[in-house]
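Take a look at the structure set out below.
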Amino acid sequence: MSLNLEQLCQVMCKSGADRLYMKRLAPNDNSKNQVYLGPGFEALNVIPNKGVRDVTTKGSPILRASIDLSWIDEEGKEYPAPGAQLILYPQYPEVRMSGFLRGCSKPPSSIMTSRNIGRVILFGISSVGKVLAWAGEAGHPVTKELLGLSGLRQVGVFEEVPLRAIDSQSILIEELTRIHNKGWIRSKRLRPDGTLAACKAPNCGGYTLEAELGISPNGYSEPDFLGWEVKQHGVSNFASPYSGSPITLMTPEPTGGVYQEEGAEAFVRRFGYSDMRGRPDRMNFGGTFRAGKRAPLTGLTLVLDGYNSDTQKIDDPSRGITLIADNDEVAAVWHYSGLISHWQRKHERAVYVPSETRTTPEREYRYGSPVLLCVGTDFLRFLKAMASGIVFYDPGIKLENATSQRPKLKRRNQFRIKRKQLPVLYALSTDMALT
C-alpha cells in the first residue's frame with residue numbers, strides 16, 4: 001500500500017533528515033543524461049558533499065563531489081548508492097547529479113531511467129551530511145500531494161517542503177529576540193557534552209551567542225541553527241551598525257604554493273616582515289590584500305588565477321585564489337575546488353548579529369537589533385565580490401621567538417568583508433528588528 005506525504009515525512013525524520021527539498025524532474029533528468037540541479041553552484045547549498053575535487057580531462061574543466069546518498073523505500077529501509085556524485089561544469093556553469101543508481105541494491109531504476117513527465121525526487125538532508133532520496137512517478141499519491149502544494153520556498157531548482165510543522169526563521173528570530181532582551185551576558189562557550197565553560201579570549205562573542213542558542217562546536221560543515229548559519233560581529237555601538245571591524249566570512253588554510261609545500265613558518269620567513277611595533281624577535285604576515293593590487297610590505301599580489309571577471313566564470317578549476325611574488329613565485333594558493341565546498345554549505349541561509357563587549361568587571365557581551373537575514377548564495381558571487389575588491393584577504397599570521405630553537409607560529413587566514421557590503425553575496429538580504 002502506498003504511503004502519503006505525511007507518512008513519508010515521518011519516514012525521513014526517523015532516518016535523520018531535518019530538511020526536505022523537492023526537484024521536479026524534466027524528461028532529460030534521468031540516469032543517462034544525469035539530473036540537472038541548476039545553474040551556478042547553488043545546488044551545493046542544498047546537497048551536502050564530501051569535498052569538491054578537480055578531475056578535468058581532455059581540456060574540459062569538470063569538478064566532482066561524492067555524496068553520501070541512500071535511496072529510501074516506503075518502509076523506511078535505506079539502500080546506499082555509493083556511486084552518487086555531483087558534477088560541476090564551471091564553463092556553463094551548472095551542477096548535475098550522476099551515478100545515483102550505480103552500486104545500489106534497490107534503486108528506483110524504473111523511475112530514474114525513464115523520460116516520463118511529472119516525476120519528482122525528494123532529498124532529505126541530515127545535519128551530518130547524509131542525503132536520503134525518494135523518487136516518485138506522476139501517479140504516486142506522494143507526487144500528487146507534492147505537486148499540489150503552493151507557497152514553497154524556492155531554492156534554485158529545488159522547492160523546500162516543510163518536514164515538520166515549524167518555521168525555522170520565526171524560531172530563529174524568537175531566540176535572537178530573547179537573547180537581545182537579556183542584555184549583558186557573561187562570556188562563555190558550550191562544550192560538546194552540553195556543559196558551559198568560561199570564555200576569556202577577546203573573540204568569545206560568537207561562542208557566547210552560540211552557547212545561548214544551544215550550539216556546541218562539532219566537526220560537521222552544516223549550518224548552526226535549524227539550517228541557519230549564525231554569525232556574530234562586533235560593533236562600537238548599536239547606533240552605528242557599520243562601526244565595527246570587517247566581518248570574517250571564512251578562514252581556510254592555503255592548499256598550494258610555498259605555504260602548503262614548505263609550511264607556514266617558511267612562508268612567513270620568506271614573505272613576512274619584522275614586527276612594525278618593534279616587538280623583538282617577531283615576524284608578521286599581515287595587511288589587506290585585494291585582487292590585482294600589490295601589497296608593498298610583502299611584495300605579493302593577490303590574483304584570481306583561472307577566473308574570468310568579464311564572464312564571471314571559472315575557466316580553469318584546477319587553479320585558485322593566488323598570492324604571487326614579483327618573480328612569479330607562487331606563495332600561496334586556495335584552490336577553487338576546496339573553496340567551493342567551504343563556502344556553499346555554510347552560507348545558503350545566514351544571519352548576522354551585531355554585538356557589543358565590555359571587560360569590566362568581567363568579559364560580557366550583548367547582542368543588538370536589527371539583525372541581517374541573508375538567503376541564497378553562490379561561490380561565483382563570492383569570486384565576483386573578490387574581483388571587485390569588496391571581499392579581501394586579511395591575514396594575521398605571526399612568528400614569535402623567530403630566532404630561537406622553538407619559534408611559536410600563529411596562523412590566521414581570513415577572507416573578510418565590510419558589514420554594509422554583505423548583501424552583494426546573497427540573492428536576498430533583510431534587516432530584521434528584534435522587539
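The values are calculated or read from the model by the stated rules, or taken from the named source; none is laboratory data. All of these numbers come straight from a predicted model, not from anything done at the bench. Neighbour counts are summed over all protein chains in view; Cβ atoms, including those assigned to glycine, are modelled from backbone coordinates with ideal geometry.
Where strands (runs of 3 or more DSSP E) fall wholly inside the range 1-67, the ranges with 1 or more residues that are within 21 Å of residue 124 (Cβ to Cβ), within 18 Å of the chain's Cα centre (by Cα) and not small (Gly, Ala, Ser) are 17-24, 35-39. On the stretch given as the range 112-127, residues that are surrounded by fewer than 21 Cβ atoms within 10 Å (Cβ to Cβ) and closer than 18 Å to residue 11 by Cβ total 2. When the criteria are applied in full, residue 137 meets the requirement of being of a type in the set (D, E, K, R) and free of Cβ contacts under 8 Å to residues at least 40 places away in the same chain.
Residue-by-condition table, conditions (1) in contact with a Phe, Trp or Tyr (Cβ under 9 Å, 6 or more places away or on another chain); (2) farther than 21 Å from residue 29 by Cβ:
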{"position": "99", "(1), (2)": "no, no"}
{"position": "133", "(1), (2)": "yes, no"}
{"position": "138", "(1), (2)": "no, no"}
{"position": "182", "(1), (2)": "yes, yes"}
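Restricting attention to the range 170-197, the residues that are touching an Asp or Glu at 6+ places or on another chain (Cβ under 9 Å) and without any contact (Cβ under 8 Å) to a residue 60 or more places away in the chain total 5.
Applying a threshold of 6 Å to beta carbon distances and a minimum spacing of six or more residues, or different chains, the list of pairs starting in the range 400-419 at a residue that is farther than 21 Å from residue 322 by Cα and ending at one that is among the aromatic types (Phe, Trp, Tyr) reads 419/242. Looking only at residues in the range 104-144 that are assigned to a loop (DSSP other than H, G, I, E, B) and of a type in the set (A, V, I, L, M, F, W, C), which one is nearest to residue 71 (Cα to Cα)? That would be 104. When the range 68-82 is filtered for residues that are within 17 Å of residue 52 (Cβ to Cβ), touching a Leu at 6+ places or on another chain (Cβ under 9 Å) and surrounded by fewer than 21 Cβ atoms within 10 Å (Cβ to Cβ), nothing remains. Of the listed requirements (1) touching a Leu at 6+ places or on another chain (Cβ under 8 Å); (2) buried (at least 20 other Cβ atoms within 10 Å of the Cβ); (3) at pLDDT 95 or above; (4) not in a strand (DSSP E or B), residue 207 misses just one: (3). Of the residues in the range 138-153, how many are buried (at least 17 other Cβ atoms within 10 Å of the Cβ) and of a type outside the set (A, V, I, L, M, F, W, C)? Of the residues in that region, 2 qualify.
Here are some residues: 55, 11. Which one is surrounded by 18 or more Cβ atoms within 10 Å (Cβ to Cβ) and either touching a residue at least 60 places away in the same chain (Cβ under 8 Å) or within 25 Å of residue 255 (Cβ to Cβ) (or both)?
Values: 55 fails: surrounded by 18 or more Cβ atoms within 10 Å (Cβ to Cβ).
Residue meeting the stated conditions: 11.
Residues that are out of contact with any helix residue (DSSP H, G or I) (no Cβ under 6 Å at 6 or more places or on another chain), closer than 14 Å to residue 7 by Cα and either without any contact (Cβ under 8 Å) to a residue 40 or more places away in the chain or not in a loop (DSSP other than H, G, I, E, B) (or both) within the range 145-169 comprise 146, 161, 165, listed in sequence order. Counting only strands (runs of 3 or more DSSP E) that fall entirely inside the range 355-417 and contain at least 1 residues that are at pLDDT 95 or above, of a type in the set (Ser, Thr, Tyr) and crowded, with 17+ Cβ neighbours inside 10 Å, the qualifying elements are 364-367.
Let me spell it out: the conditions are (1) more than 25 Å from residue 381 (Cα to Cα); (2) in contact (Cβ under 8 Å) with a residue 40 or more places away in the chain, and residue 6 meets all of them except one. Which number is the exception? Failing condition for residue 6: (2). Criterion applied to 235, 230 was being in contact with a Gly (Cβ under 6 Å, 6 or more places away or on another chain), aliphatic (A, V, I, L, M), in the same structural domain as residue 325 (by TED's automatic domain parsing) and within 29 Å of residue 178 (Cβ to Cβ), and the one residue passing it is 235. Only one entry of 132, 172, 147, 152 meets the criterion of being touching a strand residue (DSSP E or B) at 6+ places or on another chain (Cβ under 8 Å) and assigned by TED's automatic domain parsing to the domain that holds residue 377, and that entry is 172. Tell me yes or no: at least one residue of the range 345-365 is within 19 Å of the chain's Cα centre (by Cα) and over 30 Å from residue 239 (Cα atoms). Yes, the range 345-365 has at least one match. Assuming residue 101 fulfils every condition listed in (1) in a loop (DSSP other than H, G, I, E, B); (2) outside the structural domain of residue 67 (by TED's automatic domain parsing) apart from one, which condition is it? Here residue 101 meets the rest and fails (2).
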